[in-house]
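The values are calculated or read from the model by the stated rules, or taken from the named source; none is laboratory data. Given the structure is predicted, the values throughout are model-derived calculations rather than measurements. For neighbour counting, all protein chains shown are included, and Cβ atoms are generated from backbone atoms with ideal geometry for every residue, glycine included.
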Amino acid sequence: MKVKKILLASLITLSFSTFANEADAAKKLAQEVPIADVHRHVQKWVSPELLKQQMEKNNVRWSGAVGAPFGPFDTAPYSRLLKNKYIPTAGQVELSDIFGVHGAAGLTDINLRTYQELLESADKLFLSGQIKGFGELILNNKQSNPNVSFRRKVKIDSAPIDAMFTIADKNKGFVQIHSEDDADSIEELKSLSNKYKNTALILSHCLFTSNVELIRSLMANSSNIYCEMSARSRSHFPNPDSEKAKLWIVYSEDSVKPEWINLIEEFPNRFMVGTDTYNPRINFEKNIEEIRGGLLSNLKPSTIELVAYKNAVRVMRLE
Ligand SMILES: [Zn+2]
């Protein structure tokens with residue numbers, strides 16, 4: 001009896017210490033693993049040199065995958081300096097221009113010259129390596145943008161967006177879309193993912209949804225749907241304790257919602273990370289701390305690597 005008890009006690013101690021070791025190993029890996037930041041807007045206040053410095057300091061190996069819609073607009077100087085560590089895309093600046101001139105209605109009008117020029121040049125841009133995909137295409141942000149005049153909700157599977165998928169499909173590119181989780185928007189996203197099964201559809205900010213069941217069913221039904229987790233951390237919100245922010249926030253520098261960890265572990269090949277520094281108030285370093293300390297450190301070591309960079313490398317064909 002006594003021997004049994006001792007045996008049991010030592011077994012418990014052993015499994016506990018294995019667990020503690022694994023948790024320590026995950027924490028360490030989360031701090032050291034390279035990151036692919038797939039939602040990095042380069043803006044007027046971040047020069048190519050500054051971006052390079054920030055990336056090196058924070059072990060961010062790749063950056064971009066969205067546009068520079070508030071200037072500098074042209075991201076070629078970033079590609080020139082960072083070579084294939086900058087992930088160039090098209091579409092965001094064009095959509096932004098169209099929205100500025102024609103309002104939301106323009107976003108679904110494939111005949112507009114801005115769309116025509118983009119669609120005519122896109123194949124060439126893919127071929128020459130000047131772009132890797134389209135994005136960020138902001139098509140439904142009616143709740144999620146703090147600036148009222150920037151909000152819109154339009155049909156997502158409209159002619160111009162469908163045409164971008166056709167081109168991305170042909171060139172093994174990706175499409176990154178910012179939408180919220182309205183039922184009609186979800187149906188439109190599903191329709192595009194079904195029509196273009198070989199093209200990665202990356203959901204910016206994982207739809208800003210708090211409904212993990214929705215993401216679970218989208219991912220279970222479509223093998224080409226991915227989530228990137230930018231703007232889902234505490235520091236992104238000026239008022240993180242508001243009811244809306246509490247729903248949207250998934251992780252902070254030292255915590256994460258367990259239902260999201262379960263979801264990510266269920267689909268470890270479908271999640272990526274990003275910082276979304278869309279205005280100067282967003283602290284890049286703080287976002288990286290939150291990604292490492294809150295989100296990544298609570299995953300299994302193999303999942304940490306996938307979410308931190310391996311999924312992006314595979315899907316965006318980075319090198
Ligand atoms: Zn963005």
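Within the option set Ser149, Ser121, being among the small types (Gly, Ala, Ser), over 30 Å from Ile186 (Cβ atoms), out of contact with any Leu (no Cβ under 6 Å at 6 or more places or on another chain) and part of a helix (DSSP H, G or I) holds for one residue only, Ser121. Of all the criteria given as (1) surrounded by 23 or more Cβ atoms within 10 Å (Cβ to Cβ); (2) farther than 20 Å from Leu51 by Cβ, the one not satisfied by Gly133 is (2). Applying the criterion of being within 13 Å of the ligand (Cβ to nearest atom) and modelled with pLDDT of 95 or more to the residues of region 270-297, the residue that is farthest from Pro258 (Cα to Cα) is Asp276. Within region 43-60, does at least one residue satisfy the condition of being out of contact with any Asp or Glu (no Cβ under 7 Å at 6 or more places or on another chain), surrounded by 14 or more Cβ atoms within 10 Å (Cβ to Cβ) and closer than 29 Å to Ala159 by Cβ? There is no residue in region 43-60 that is out of contact with any Asp or Glu (no Cβ under 7 Å at 6 or more places or on another chain), surrounded by 14 or more Cβ atoms within 10 Å (Cβ to Cβ) and closer than 29 Å to Ala159 by Cβ. Applying the set (1) in a helix (DSSP H, G or I); (2) buried (at least 20 other Cβ atoms within 10 Å of the Cβ); (3) among the hydroxyl-bearing types (Ser, Thr, Tyr) to Ser302 leaves exactly one unmet item: (2).
The residues of region 61-108 that are over 14 Å from Val154 (Cβ atoms), touching a strand residue (DSSP E or B) at 6+ places or on another chain (Cβ under 9 Å) and of a type in the set (A, V, I, L, M, F, W, C), listed by number, are Trp62, Ala65, Val66, Leu82, Ile87, Ala90.
Residue pairs whose Cβ atoms lie under 6 Å apart, separated by 6 or more positions or on different chains, with the first residue in region 266-285 and touching a residue at least 60 places away in the same chain (Cβ under 8 Å) and the second of a type in the set (S, T, N, Q), are Met272/Asn311; Gly274/Ser230; Thr275/Ser230; Thr275/Asn287; Asp276/Ser230; Phe284/Gln54; Phe284/Thr275; Phe284/Thr277. Can you tell me which residue in region 208-247 is farthest from the ligand (Cβ to nearest atom), limited to those that are free of Cβ contacts under 8 Å to residues at least 12 places away in the same chain and of a type in the set (D, E, K, R)? Out of the qualifying residues, it is Glu213. Cβ separations smaller than 8 Å between residues 6+ apart or across chains give the following pairs from region 42-63 residues that are under 13 Å from Thr275 (Cα atoms) to residues that are part of a helix (DSSP H, G or I) and among the small types (Gly, Ala, Ser): Trp62/Ala312. Residues of region 163-210 that are within 13 Å of Gly91 (Cβ to Cβ), assigned to a helix (DSSP H, G or I) and not β-branched (Val, Ile, Thr): Ala163, Met164, Phe165, Ala168, Ser204. Kindly indicate the residue of region 176-189 that is in contact (Cβ under 8 Å) with a residue 12 or more places away in the chain and either touching an Asp or Glu at 6+ places or on another chain (Cβ under 9 Å) or polar (S, T, N, Q) (or both) and also surrounded by the most Cβ atoms within 10 Å (Cβ to Cβ) among those meeting that condition. The selected residue is Gln176. Of the residues making up region 220-234, those that are closer than 19 Å to Val38 by Cα and not polar (S, T, N, Q) are Ile225, Tyr226, Cys227, Glu228, Met229, Ala231, Arg232, Arg234.
So that you can scan it fast, the table gives a plain yes or no per residue for (1) within 15 Å of the ligand (Cβ to nearest atom); (2) outside any loop (DSSP other than H, G, I, E, B); (3) buried (at least 19 other Cβ atoms within 10 Å of the Cβ):
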{"position": "Ser63", "(1), (2), (3)": "yes, yes, yes"}
{"position": "Ala68", "(1), (2), (3)": "yes, no, yes"}
{"position": "Gly71", "(1), (2), (3)": "yes, no, no"}
{"position": "Asp74", "(1), (2), (3)": "no, no, no"}
{"position": "Tyr78", "(1), (2), (3)": "no, yes, yes"}
{"position": "Lys83", "(1), (2), (3)": "no, yes, no"}
{"position": "Val93", "(1), (2), (3)": "yes, yes, yes"}
{"position": "Val101", "(1), (2), (3)": "no, yes, no"}
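Only one of the numbered conditions (1) touching a helix residue (DSSP H, G or I) at 6+ places or on another chain (Cβ under 8 Å); (2) within 27 Å of Pro88 (Cβ to Cβ); (3) not in a helix (DSSP H, G or I); (4) not β-branched (Val, Ile, Thr) is not met by Leu296, and that is (3).
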